[in-house]
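Worksheet for the structure shown next.
The values are calculated or read from the model by the stated rules, or taken from the named source; none is laboratory data. Here the structure is a predicted model, which is why all the values come from computation and not from measurement. Here the Cβ positions follow ideal geometry from the backbone for every residue, glycine too, while neighbour counts run over all protein chains shown. These area figures cover heavy atoms from the full protein model, side chains too; ligands, DNA and RNA do not enter into them. Shrake-Rupley method; radii C 1.70, N 1.55, O 1.52, S 1.80 Å.
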Amino acid sequence: MAKGDPGASTRGRRAAPRSRKAVTGDPELVQLLTPAGERIESVTGPDGTVYRVDFTDEEYRGLYRDLVLVRKLDAEATALQRQGELGLWASLLGQEAAQVGSGRALRAQDMAFPTYREHGVLYCRGIDPIMPLGLFRGVDQGGWDPNEFKFNMYTIVIGAQTLHATGYAMGVTMDGKTGGEDGEAVIAYFGDGATSQGDVNEAFVWASVFNAPLVFFCQNNQYAISEPLERQTRVPLYRRAAGFGFPGIRVDGNDVLATYAVTRHALDNARHGQGPSLIEAYTYRMGAHTTSDDPTRYRIASEVEAWQAKDPIARVKAFLEREKIADAGFFAEVDEQARREAVDLRERVLEMPNPEPVTMFDHVYPNGSPLLDQQRAQFSRYLESFEGSAH
Ligand SMILES: Cc1ncc(C[n+]2csc(CCOP(=O)(O)OP(=O)(O)O)c2C)c(N)n1
Ligand SMILES: [Mg+2]
């Protein structure tokens, strides 16, 4: 789906109803769509940046479709884990808008560095959603080509990818690929817990002093496994950016429109050579940390219920209905597509072949290595020693 750029052609775009508000000043949270599905026309940030979106009806419907599909595929993956078909799954439930909004804000040339939860961004990059399931089933190491899709491999080591992204972004500058509309920008995803890691703070320093074309995109889902946000910080996370010398802003991470607007702006600044920024997408992890976790041990039901009222999909649906952008037929068709894609995902997961054990030595280095060749030979001999035995 091609997304409308602020300032692009206005043909076919929806005129703002008079009732829409414009918010000016220093918003603690940039929001363009309230939990009730009401549109806020624009929000002016502390530096005078006006955040707004200008989508066609078709683009609004496309965003809704993305949100529903990524939630459904995620639910299917959770079910597959529960049935023993995956070793583990890290659900994105509740974080769909933060991921689809930022994922759709990326331009084709931009590079993304994910954690282990960015299935929605992966989907927006055009990667087959089966890919991370191979990783979590333990039959491959994530099968996509990072260069082809401009989406790096999942990273489990908390915060490490922010350093990889910083180095990559510095390389983009050294290659002379910033400075215009077609310049490249980089985005690094990480969580609220990751902000306490040394790696992340070092990445902030390096990105800042080298003016790297990088957007630090923190999904503050309020928890690092069982540790609540108050164990990570005494100030709102976005304000940390000021101490490192670059702008920081907090966006309603359950609002796909605001997330899109804020991320697109930060990426465009980066690609034009204006350096890094930090986005704190304020959201909530509605499910468990992973399928190995039981969140009822450390958080109360009323907190989860309060966030249910801020659901990222329900508010888009309410908006589409109110503005008559979509009808019941459309919503039914999207649900049916989601159901079909989930069935397809399930069928293909069950058919995934078990790899030969020696293939774990493949793809470690692009041109192999003598030491690895030695280890492969040793391991092959070990496997052969079982041949003909009952074990
Ligand atoms: C360096 C490192 N330390 C600890 C862990 C174990 N660990 C896995 S997820 C996680 C919490 C991360 O929380 P956050 O950054 O908020 O991301 P979220 O899972 O909430 O998306 C921890 C501590 C790890 N994977 N890597
Ligand atoms: Mg977290």
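Only one entry in 134, 120, 84, 103 is out of contact with any Phe, Trp or Tyr (no Cβ under 6 Å at 6 or more places or on another chain) and either at pLDDT below 95 or open to solvent by 40 Å² or more (accessible area, probe 1.4 Å) (or both), namely 84. Residue under question is residue 280, and the condition is that it be within 15 Å of ligand 2 (Cβ to nearest atom), charged (D, E, K, R) and within 30 Å of residue 37 (Cβ to Cβ); does it hold? In short, yes. Screening 278, 229 for residues that are aliphatic (A, V, I, L, M), open to solvent by 20 Å² or more (accessible area, probe 1.4 Å) and within 16 Å of ligand 1 (Cβ to nearest atom) leaves exactly one candidate, 229.
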